[in-house]
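Notes to accompany the following structure.
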């Protein structure tokens, strides 16, 4: 990797950590606020990092278009979202404990060709899909989904809900995964994303 100044590395680290927390890149102003420098100075650092091939801007006129190059090497060996994988643990019959020298990388696990985002679940309507109140769902941003997929659906009244999607002859059925809840029927819904993973914190 090309040599970077300590300040440039701060920019790269902030972009990396911000994307890990929020699912999208920071604005120039947010970088400036974090580093306590002006936007002009931020633009200078971004320009230098672009020339070195370590940072690039995606869509024009987008305030959150910064993308890190795969060539960036960070001083901390473990990125946010990486955990040591110590081995396997039985949830059925006991098994022999085997020490493994691996890392569980959540960013790699939920890697997808599109943008991802995370939502905190409120309610129990999806418990039979092992999605519970307080869980975090990892979603792939998409306007389309196949029947039976769990989606983030925006209703005509502006409310969003997490349900399984089914297309029927007379409209859309948003099916909960809990018999105590009734399906939601709609003529049309706006799909915001498809669930690709669940994270639970105890």
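Since every read-out is calculated from the coordinates, none of them should be taken as a lab result. Quick caveat, the model's predicted, so the values are computed rather than measured. Please note: Cβ atoms are built from the backbone with ideal geometry, for glycine as well, and neighbour counts cover all protein chains shown.
Points to keep in mind about this one:
- Compared with the alpha-carbon gap, the fully stretched path from residue 35 to residue 70 is longer by 10.3 nm at 0.36 nm per residue.
- Over region 161-202, the pair-distance histogram of Cα-Cα distances with 5 Å bins from zero comes to 6, 19, 26, 21, 17, 6, 3, 2, 0 percent, rounded to whole numbers.
- Cut-off 20 Å, label 7 Å out along Cα→Cβ of residue 110, residues of region 169-202 by amide N: 191-202
- Least to most buried among 201, 51, 163 (fewest other Cβ within 10 Å first): 201, 51, 163
- Sites residue 169 and residue 199, calculated FRET efficiency, Cβ-Cβ separation with R0 35 Å, nearest 0.05: 0.45
- Estimated Rh, region 116-199: Kirkwood, alpha-carbon pairs, angstrom: 12.7 Å
- At R0 = 35 Å, FRET efficiency that the Cβ-Cβ distance of residue 17 and residue 132 yields, to 0.05: 0.80
- Bins of 10 Å from zero: percent of alpha-carbon pairs in region 6-68: 24, 63, 13
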